[in-house]
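A short worksheet on the structure shown next.
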Amino acid sequence: MTSADVHDVRDPELPGRLLTVERDTLVPLLRTRPDEDFARRTAACPGWSVRDVLAHSSAALTRVVDNRLGEGVFSPESNDRDIVERAGWSNARIVDELERAMTEAGPVIAKAGGALDGVGLGEWVHAGDVREALGEPGAYAGAGLPDALALLAWLTRERRHVPLQADLDDVDEPLRLGDPLAPRPPARYIGDATTLVRLYSGRPAAGASYELAGAEPAELNIFG
């Protein structure tokens, strides 16, 4: 795996590329799963089943594609309404919508100037939530991980997040995240990349082996 250090220039194609890579992995997996697997509960999203996470993800990306991004979009209330609206859909129809949205959202996100980049990362993380609930290995890893790390580095820089240097077991060079001009010294993370993703996305990391100095885990969560 190559280094995913912070770049000064935004790559507008990065979120779409991440979604496309994830689509090609997740959708075929979902099409092989029986309906009962869609009812499994997710550890990362309390109260949501696999189906609920997929319905939310497909709805969120479809909103991006259709430019339906009014006030309150992506709020908990809006997310719940999107899930309820799809209550009568078959699981296959939800997967079909997700496949289309993951294909078409990239160019829209690219043209948004960075305002929607976080949606691309968030839906990739949700795919990891689904894989974990289904018992698949490498829930927050896979072919999209290098792009996810690069996007995470960019987002944390743009949002003036806590500065941090991550020395990753599976990446050759340190990954620098957060605001490089922050008055506080950079925190330090030592561990694997998937645990770093869990910390930055607020996902459970119990039992993972890592070191974090200079910041609390809760400070890293970019999704609040």
Notebook entry, point to check: For the pair Phe223 and Arg188, what calculated FRET efficiency results from E = 1/(1 + (r/R0)^6), where r is the Cβ-Cβ distance and R0 = 25 Å, to the nearest 0.05?
Noted result: 0.65
Next item on the list: Please give the residues of the stretch 16-30, grouped as numeric ranges, whose backbone N is less than 20 Å from a label point set 7 Å along the Cα-to-Cβ vector of Arg100.
Entry: 16, 19-30
Notebook entry, point to check: Which order do peptides 118-124, 42-48, 198-204, 181-187 fall in by mean Cβ count within 10 Å, highest first?
Noted result: 118-124, 198-204, 42-48, 181-187
Next item on the list: Kindly report the accessible area of the chain per residue (heavy atoms of protein chains, probe 1.4 Å, no ligands, DNA or RNA), in Å².
Entry: 46
Notebook entry, point to check: What are the semi-axes of the equivalent ellipsoid of the stretch 143-210, taken as the square roots of 5 times the eigenvalues of the Cα gyration tensor, listed largest first and rounded to whole Å?
Noted result: 19, 13, 12
Next item on the list: Report the one residue of Ala133, Ala101, Asn67 whose Cα lies farthest in the direction of the positive end of the charge dipole of the chain (charges on C-beta: Lys and Arg +1, Asp and Glu -1; origin at the Cα centre).
Entry: Asn67
Check: Which percent of Cα-Cα pairs in the stretch 92-163 sits in each 5 Å bin, short to long?
Finding: 3, 14, 20, 25, 20, 11, 5, 1, 0
Next item on the list: Report the FRET efficiency, 1/(1 + (r/R0)^6), for Ser75 and Val27, where r is their Cβ-Cβ distance and R0 is 25 Å, rounded to 0.05.
Entry: 0.40
Note to self: Sorted from largest to smallest, which semi-axis lengths in Å does the alpha carbon gyration tensor of the stretch 41-104 give for its equivalent ellipsoid, taking the root of 5 times each eigenvalue?
What the structure shows: 17, 15, 10
Next item on the list: Kindly provide the pair-distance distribution of the chain built from C-alpha pairs, with 5 Å bins from 0 and whole-percent values in order of increasing distance.
Entry: 1, 7, 15, 19, 20, 16, 12, 7, 2, 0, 0
Next item on the list: Return the carbon/sulfur percentage of the accessible area of the stretch 109-207, one whole number, probe 1.4 Å, all protein chains in place.
Entry: 51
Item checked: Charge context of Ala39, other residues only, Cβ under 12 angstrom, K/R +1, D/E -1 -> 0
Next item on the list: Based on the mean of other Cβ atoms within 10 Å per residue, sort peptides 209-221, 139-151, 67-79 so the most packed one is first.
Entry: 139-151, 209-221, 67-79
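The values are calculated or read from the model by the stated rules, or taken from the named source; none is laboratory data. The model shown is predicted, which means the values in this text are computed figures rather than measured ones. Positions of Cβ are generated from backbone atoms using ideal geometry, with glycine treated the same way; all protein chains shown enter the neighbour counts. Each accessible area value is taken on the protein alone, full model and side chains, heavy atoms only, with ligands, DNA and RNA left out. Shrake-Rupley method; radii C 1.70, N 1.55, O 1.52, S 1.80 Å.
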